[in-house]
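Asker: The structure that follows is given in the form of structure tokens.
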Amino acid sequence: MTGAGNAGGGKTARRLGTCPLCEAMCGLEFTVSAGRITSVRGDAEDPLSRGHLCPKATALGDLHTDPDRLRRPLIRVGDTWREASWDDALALVHRRLGDIRDRHGHDAVAVYWGNPVAHNLGGLTHGIGGLLPELNTRNVFSATSLDSRPHLMVHRALYGHQLLAPVPDIDRTDHLLLFGSNPLVSNGSMMAVPDVAQRLRDLRARGGRLVVVDPRRTRTAAAADEHVIVRPGTDAAVLLAMIRTILDDGVATPASYVDGLGELAAVVAPFAPDRVAALSGVSAETVVRLARDFAAAPRAAAHGRMGVSTQRWGGLCQWAIHVLNAITGNLDRPGGTLIPHPAADLVATDSMEAGASGRWRTRVRGLPEFGGELPSAALAEELAHPERPIRALVVIAGNPVLSAPGGDRVRDAVAGLDFVVAVDPYRTETTRLADVILPPTSAVQREQVDVFHAHLAVRNTVRVNGPILPRSADERHDWEIYRDLALGLRRRTPRRARHPRWWLRGVMLRLTPMRTLGLLLAASRRGVSLRTLREAPHGVDLGPLESSLPARLRTPDRRIRLVPHTFGDAARTLAGELDARPDPAALLLIGRRHLRSTNSWMNNLPRLTKGTPRHRLQAHVADLAARGLVDGDAAVLTSAHGSVTVEVEAADDLAPGVVSLPHGYGRDRGDGLTVAAMLGGPNVNEVTDPARVDPVTGTAVFNGVPVMLTRDFPTPTPAAD
Ligand SMILES: Nc1nc2c(c(=O)[nH]1)N[C@H]1C(S)=C(S)[C@@H](COP(=O)(O)OP(=O)(O)OC[C@H]3O[C@@H](n4cnc5c(=O)[nH]c(N)nc54)[C@H](O)[C@@H]3O)O[C@H]1N2
Ligand SMILES: Nc1nc2c(c(=O)[nH]1)N[C@H]1C(S)=C(S)[C@@H](COP(=O)(O)OP(=O)(O)OC[C@H]3O[C@@H](n4cnc5c(=O)[nH]c(N)nc54)[C@H](O)[C@@H]3O)O[C@H]1N2
Ligand code: SF4
Ligand SMILES: [Mo]
């Protein structure tokens, strides 16, 4: 099952792989010499990535040989750890989790799963699909509610399934309008788009336009035809004013299966462009022009990402973006936005639930579940509930101490539990709090295929590769760890507590991920089987995205209702706040990502961390001067939640009034030493505020957080909210 054959001569071999690190799913070609990866290149024959790769992929070999990467299970003994056999470590987990469930019930065991799960077939088949049902707990949290939950909830509300995701048809569009998205650094998100730099050059070469709305002149904004600066957290008002302009102009052309234009007009009526201008900093003329340019383009696509998902009105922003595409006739049109139709179709095969919500709620704030998950902004308070309904935590490929808002509280809450088990290759700020760490094989030791992100890709392709390197008898894949955890818990589950599909789940747990993929491919009926995949190691190309509505809608009447209640209500609430004026003294905090980092991990690898430090708080030079600060100074950043010490950096690409800190920093090895000097810095999520979530979706607010920046620790008067 390894890819291309021998490069010829000696012990050097070329092997094809697929990068698991981000949504772009780049096809890779590894050179392996004497059991080590000596080079990584992009696979020019991959139909999606076409030879692209980014610096992170070149570190996959370093990741594998990293001496800090755990190879054997660790069991905590007081303040230290001992290596243990898999049997001993698993037995301990089964006993402790089993006892807690026997005494306190299934909900006493909570789960947090992180981003790498979604990129890993075994994470889906045996983690989400196997271990989670076996744990059978309502207390499931994940990175989704720190990320893409607004998208998923909008997909569910408009199209009937959380994974029916229209993505920009970037290769054919004439007009791409991006809100809060920086694909030249992130390689696209909720839009898997490798080689995006070339794709954007092609767009402009064929006479198309790229417009970026962002408080920062990002790489993507700098490459655009137009960059519109917006005050963080106010995009929803801008978008609703754009919709109003298009409706007022009488140029809305929604498809025949779209209902609710009249209701929409009523909802957006308060959003007059000049009213929105003072709030957002985007002039009325600009709002009107953005709307008219978008409506007039023959084929246009609007897309929004982290900047507009993880802000106060993330749900409204995503809803408005979809509505904008729909009312201009761009939804489901080549060159507009189209719903991918992958070879392994999780929607058509009902392999993923459509996305119910509100079946249960968090205890403290009453925040609703969506798709079986509670908002991670509530993780700390739920874990630390005085009645202790939750006693144990299972962490799968996640680092909530660094990635969830109020990370300091998450740390304390996790530390206060009776038992914690983590499946993770590293000792991190989170896993260090565990009683047992179970490390999986590295990314290059397993077969890789990304089934989930194929539902978000700008072309329908699929590719299975690997493993690049063998594993030893003592190493376990993620899926085997999830399987063994689940099987041990099954043995302890009394008959009365067994869920309805008990027997079937037992069978599925015992299949390998590849067998499950084979079944999924067959059920998807796209003409692709495991065999065809193995015969085409560069990938199978099912071609460009295609129109497929209304046939693929999962709404009860196969129609799209433009104004679902929750979004209409939220728009009315926002309308009531339109004339609020931002405090001119407050700064608004936003995040940022760097080309050579991946959320909170891989940043201990020298290849990726050399160069200028990235953990500094960037601010406009005028904002620094006003506080008596210059580049390089230490300062204190304070929000309603907390304070951190920062090193400031003057940035000329940020709008005045806006400051920026990346997440995933503030790393330390647990012995007081930072992982690498430049990773010191603060954990931004000790400043982001878990108390503030998007009221529609419960998603964390990472962008547009009101903060104060001072030379010294302020006397205790937190920033005005
Ligand atoms: N302030 C702020 N906070 C943010 C964001 C932001 O923009 N600003 N972004 C949010 C977003 S979009 C996301 S996705 C989250 C990420 O949040 P998380 O998913 O909680 O955090 P990661 O940093 O991705 O941690 C991944 C962990 O998985 C481990 N890991 C890596 N590969 C594997 C594997 O193959 N198997 C297993 N079992 N473990 C593995 C790594 O060692 C690491 O500890 O952070 C969110 N937090
Ligand atoms: N190199 C690298 N690539 C990655 C990752 C990584 O850590 N490193 N992480 C991956 C993950 S998990 C994800 S989810 C994706 C995220 O992919 P993206 O969303 O494309 O990446 P971000 O850098 O978070 O981009 C958010 C943008 O929103 C802007 N912004 C902030 N606040 C606002 C606002 O209020 N309004 C508007 N309009 N814009 C705002 C920011 O300036 C920034 O440019 O990236 C993925 N790819
Ligand atoms: S863009 Fe993403 S998928 Fe492609 S090589 Fe970089 S990290 Fe891997
Ligand atoms: Mo993410």
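Asker: Which ranges mark the helices (runs of 4 or more DSSP H) fully within region 260-330 that have 2 or more residues being under 27 Å from residue 183 (Cβ atoms) and modelled with pLDDT under 95? Steps first, please.
Answerer: On the way: elements: 261-268, 273-280, 284-296, 306-309, 314-327.
Passing ranges: none, list empty.
Asker: Only residues in region 109-133 that are within 16 Å of ligand 2 (Cβ to nearest atom) count as the first member; pair them with residues that are outside any helix (DSSP H, G or I) and among the hydroxyl-bearing types (Ser, Thr, Tyr), Cβ under 6 angstrom, at least 6 apart or cross-chain, and list the lot.
Answerer: From residues that are within 16 Å of ligand 2 (Cβ to nearest atom), the pairs are 113/142.
Asker: A further question on this structure: Condition first: touching a Phe, Trp or Tyr at 6+ places or on another chain (Cβ under 9 Å) and assigned to a helix (DSSP H, G or I). Now tell me which residues in region 444-479 satisfy that.
Answerer: The one that is touching a Phe, Trp or Tyr at 6+ places or on another chain (Cβ under 9 Å) and assigned to a helix (DSSP H, G or I): 444.
Asker: If only one of 458, 451, 462, 420 is of a type outside the set (D, E, K, R), outside the structural domain of residue 188 (by TED's automatic domain parsing), modelled with pLDDT of 95 or more and within 16 Å of ligand 2 (Cβ to nearest atom), which one is it?
Answerer: Details: 451 fails: within 16 Å of ligand 2 (Cβ to nearest atom); 462 fails: within 16 Å of ligand 2 (Cβ to nearest atom); 420 fails: within 16 Å of ligand 2 (Cβ to nearest atom).
When all the criteria are applied, what remains is 458.
Asker: Which pairs turn up if I take residues in region 423-437 that are touching a residue at least 12 places away in the same chain (Cβ under 8 Å) and look for partners that are assigned to a strand (DSSP E or B) and within 16 Å of ligand 3 (Cβ to nearest atom) with beta carbon separation below 7 Å, at least 6 apart in sequence or on another chain?
Answerer: Sorted first by the residue in region 423-437, then by its partner, the pairs are 426/601.
Asker: Look through region 576-608, keep the residues that are farther than 27 Å from residue 638 by Cα and away from ligand 2 (no atom under 11 Å from the Cβ), and return whichever of them is farthest from the chain's Cα centre (by Cα). Before you say what the answer is, go through the steps one by one.
Answerer: Step one: list which residues in region 576-608 are farther than 27 Å from residue 638 by Cα, which gives 576, 595-596, 602, 604-608.
Restricting the remaining residues to those that are away from ligand 2 (no atom under 11 Å from the Cβ) gives 576, 604-607.
On the way: 576: 31, 604: 21, 605: 22, 606: 25, 607: 24 Å.
Among them, the one singled out is 576.
For every residue, the table says whether it meets (1) among the β-branched types (Val, Ile, Thr); (2) at positive phi; (3) more than 16 Å from ligand 3 (Cβ to nearest atom); (4) at pLDDT 90 or above.
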{"position": "625", "(1), (2), (3), (4)": "no, no, yes, yes"}
{"position": "631", "(1), (2), (3), (4)": "no, no, yes, yes"}
{"position": "659", "(1), (2), (3), (4)": "yes, no, yes, yes"}
{"position": "673", "(1), (2), (3), (4)": "no, no, yes, no"}
{"position": "694", "(1), (2), (3), (4)": "no, no, yes, yes"}
{"position": "698", "(1), (2), (3), (4)": "no, yes, yes, yes"}
{"position": "702", "(1), (2), (3), (4)": "no, no, yes, yes"}
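Asker: Looking at region 143-158, I want the residues that are at positive phi and have a partner that is at pLDDT 95 or above and more than 10 Å from ligand 2 (Cβ to nearest atom) with Cβ atoms under 7 Å, at least 6 apart or on another chain. Which pairs are those?
Answerer: none
Asker: Considering only region 401-412, I want to know if a residue exists there that is of a type in the set (Lys, Arg) and closer than 25 Å to residue 104 by Cα.
Answerer: Residues of region 401-412 that are of a type in the set (Lys, Arg), as a first pass: 409, 411.
Checking the rest, the ones that are also closer than 25 Å to residue 104 by Cα come to 409, 411.
The answer is yes, given that some residue of region 401-412 is of a type in the set (Lys, Arg) and closer than 25 Å to residue 104 by Cα.
Asker: Go through region 280-316 and give me each residue that's polar (S, T, N, Q) and free of Cβ contacts under 8 Å to residues at least 60 places away in the same chain. Walk me through it before giving the result.
Answerer: Filtering region 280-316 for residues polar (S, T, N, Q) gives 280, 283, 286, 309-311.
Once the filter is applied, which keeps residues that are polar (S, T, N, Q) and free of Cβ contacts under 8 Å to residues at least 60 places away in the same chain, region 280-316 yields 280, 283, 286.
Asker: Tell me, yes or no, whether region 121-132 has at least one residue that is surrounded by 22 or more Cβ atoms within 10 Å (Cβ to Cβ), away from ligand 1 (no atom under 15 Å from the Cβ) and polar (S, T, N, Q).
Answerer: No, every residue in region 121-132 fails to be surrounded by 22 or more Cβ atoms within 10 Å (Cβ to Cβ), away from ligand 1 (no atom under 15 Å from the Cβ) and polar (S, T, N, Q).
Asker: Out of 117, 109, which single residue is surrounded by 19 or more Cβ atoms within 10 Å (Cβ to Cβ), under 18 Å from residue 427 (Cα atoms) and β-branched (Val, Ile, Thr)?
Answerer: Working: 109 fails: under 18 Å from residue 427 (Cα atoms).
Testing whether each residue is surrounded by 19 or more Cβ atoms within 10 Å (Cβ to Cβ), under 18 Å from residue 427 (Cα atoms) and β-branched (Val, Ile, Thr) leaves just 117.
Asker: Okay, next question. If a residue counts only when it is among the small types (Gly, Ala, Ser), farther than 30 Å from residue 496 by Cα and not assigned by TED's automatic domain parsing to the domain that holds residue 619, which helices (runs of 4 or more DSSP H) contained entirely in region 125-241 have at least 1 such residues? I'd like the intermediate steps shown before the answer.
Answerer: Details: elements: 132-135, 149-159, 183-186, 196-205, 219-222.
Counting at least 1 such residues, we get 149-159, 183-186, 196-205, 219-222.
Asker: Among the residues in region 500-511, are any more than 16 Å from ligand 3 (Cβ to nearest atom), closer than 30 Å to residue 74 by Cβ and of a type in the set (Gly, Ala, Ser)?
Answerer: Of the residues in region 500-511, the ones more than 16 Å from ligand 3 (Cβ to nearest atom) are 500-511.
In the following step, the residues that additionally are closer than 30 Å to residue 74 by Cβ were identified as 505-506, 508-511.
If we keep only those that are of a type in the set (Gly, Ala, Ser) too, we end up with 506.
Looking through region 500-511, at least one residue is more than 16 Å from ligand 3 (Cβ to nearest atom), closer than 30 Å to residue 74 by Cβ and of a type in the set (Gly, Ala, Ser).
Asker: Also: List the number of the failed condition for residue 166; all other conditions in (1) surrounded by fewer than 22 Cβ atoms within 10 Å (Cβ to Cβ); (2) within 15 Å of residue 331 (Cβ to Cβ) hold.
Answerer: Among (1) surrounded by fewer than 22 Cβ atoms within 10 Å (Cβ to Cβ); (2) within 15 Å of residue 331 (Cβ to Cβ), residue 166 violates only (1).
Asker: Check every one of the strands (runs of 3 or more DSSP E) wholly within region 1-102 and list those with 2 or more residues that are away from ligand 3 (no atom under 16 Å from the Cβ) and free of Cβ contacts under 8 Å to residues at least 12 places away in the same chain. Step through it out loud before you land on a result.
Answerer: Working: elements: 12-18, 27-33, 36-42, 74-77, 80-83.
By residue number, 80-83.
Asker: Of the conditions (1) within 30 Å of residue 29 (Cβ to Cβ); (2) within 28 Å of the chain's Cα centre (by Cα); (3) of a type in the set (A, V, I, L, M), residue 485 satisfies every one except a single condition; which number is it?
Answerer: So residue 485 meets the others, but not (1).
Asker: Taking residue 570 as meeting all but one of (1) out of contact with any Lys or Arg (no Cβ under 9 Å at 6 or more places or on another chain); (2) surrounded by fewer than 20 Cβ atoms within 10 Å (Cβ to Cβ); (3) in contact (Cβ under 8 Å) with a residue 40 or more places away in the chain, write down the number of the exception.
Answerer: Of (1) out of contact with any Lys or Arg (no Cβ under 9 Å at 6 or more places or on another chain); (2) surrounded by fewer than 20 Cβ atoms within 10 Å (Cβ to Cβ); (3) in contact (Cβ under 8 Å) with a residue 40 or more places away in the chain, only one is false for residue 570: (2).
The values are calculated or read from the model by the stated rules, or taken from the named source; none is laboratory data. All values derive from a computational prediction rather than experimental measurement. Please note: Cβ atoms are built from the backbone with ideal geometry, for glycine as well, and neighbour counts cover all protein chains shown.
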